[in-house]
Amino acid sequence: MMRIDIATLFPEMCDRFLTESIIGRAAKRGYIETHCHQIRDYTLNKQKQTDDYPYGGGCGMVMNAQPIYDCCQEIIRQVQEQGRPRPHIVFMTAAGARYNEEHAKRLASYDSLLLVCGHYEGMDERVIEALADEEISIGDYVLTGGELASLVVADSVLRLQPGVLAEAKGYQEESHWNGLLEYPQYTRPEVWEGRAVPPVLLSGHHANIDAWRAEQSVERTKNRRPDLYEAWLKKEGKG
Ligand code: ADE
């Protein structure tokens with residue numbers, strides 16, 4: 001059963017997300033385990049300050065290495081106390097490798113993950129050097145902190161765990177699973193605001209339906225995401 005820990009200055013924000021909806025229900029049922037930890041609890045100064053001015057000058061503040069390090073050491077201890085191996089440690093930074101479904105599948109195979117969130121202008125590079133197995137960015141834009149990024153990673157990894165979705169099919173037919181975008185979906189009514197459902201979906205002919213969906217997937221990917229389409233052609237040996 002997979003465990004994910006998040007080290008952050010905003011544990012309530014992360015916890016709120018992880019205890020709701022599909023992920024929250026899976027945790028209550030014992031299919032996964034999540035824990036959010038307050039980095040500030042590990043400061044050693046009276047003001048509980050977690051950041052300081054950057055060496056070399058510049059604007060903004062930099063998170064100190066020590067509280068992040070001590071928080072992570074305590075999390076590692078708690079994980080190992082459960083009889084688990086040391087967690088795989090991922091730092092959320094805008095300078096990390098860009099995240100995609102392949103990363104999600106790979107991260108989903110670890111016994112546990114420790115996701116570390118920075119805030120302000122960044123964190124002291126030395127704590128990343130000391131602890132990180134990898135650094136991940138969720139996209140080419142800058143967030144005010146790593147919290148949303150860590151939740152994106154946690155959500156995309158945890159939904160791949162057994163028991164979280166109703167059935168494995170739930171994710172195997174979705175966008176990005178096989179490198180293509182998902183085909184369009186429809187539900188009742190048959191005609192809505194003058195728009196009819198594609199007739200093939202009402203035919204009951206499963207081979208035709210599968211063929212139509214496959215064709216829609218390929219067409220959509222070609223039109224919307226030529227980058228994914230080229231990669232898919234290569235992978236399928238059609239390039
Ligand atoms: N922290 C700030 N921006 C980020 C991004 N794009 N991905 C991950 N962590 C971040």
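The values are calculated or read from the model by the stated rules, or taken from the named source; none is laboratory data. Only a predicted model underlies this, so the values are computations on that prediction, with no experimental measurement involved. Virtual Cβ from ideal backbone geometry, glycine too; neighbours counted across all protein chains shown.
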>> If the requirement is being over 18 Å from the mean Cα position of the chain (by Cα) and modelled with pLDDT of 95 or more, which of these qualifies: Tyr110, Tyr55?
In response: Tyr55
> How about segment 1-92: which helices (runs of 4 or more DSSP H) wholly inside it have at least 1 residues that are more than 23 Å from Leu148 (Cα to Cα)?
Replying inline: 65-81
>> Quick check on my filter: what residues within segment 174-202 are of a type in the set (Gly, Ala, Ser) and touching a helix residue (DSSP H, G or I) at 6+ places or on another chain (Cβ under 7 Å)?
In response: Gly179
>> Based on this model, can you work out whether Gln161 counts as among the polar types (S, T, N, Q) and surrounded by fewer than 16 Cβ atoms within 10 Å (Cβ to Cβ)?
In response: no
> Going by the conditions given, is Ile89 touching a Ser or Thr at 6+ places or on another chain (Cβ under 7 Å), surrounded by 15 or more Cβ atoms within 10 Å (Cβ to Cβ) and within 20 Å of Asp15 (Cα to Cα)?
Replying inline: no
> Filter segment 99-155 for residues that are assigned to a loop (DSSP other than H, G, I, E, B) and either away from the ligand (no atom under 13 Å from the Cβ) or polar (S, T, N, Q) (or both); which is nearest to Met63 (Cα to Cα)?
Replying inline: Asp124
> Of the residues Leu165, Leu160, which single one is out of contact with any Cys (no Cβ under 7 Å at 6 or more places or on another chain), more than 16 Å from the ligand (Cβ to nearest atom), part of a loop (DSSP other than H, G, I, E, B) and at pLDDT 95 or above?
Replying inline: Leu160
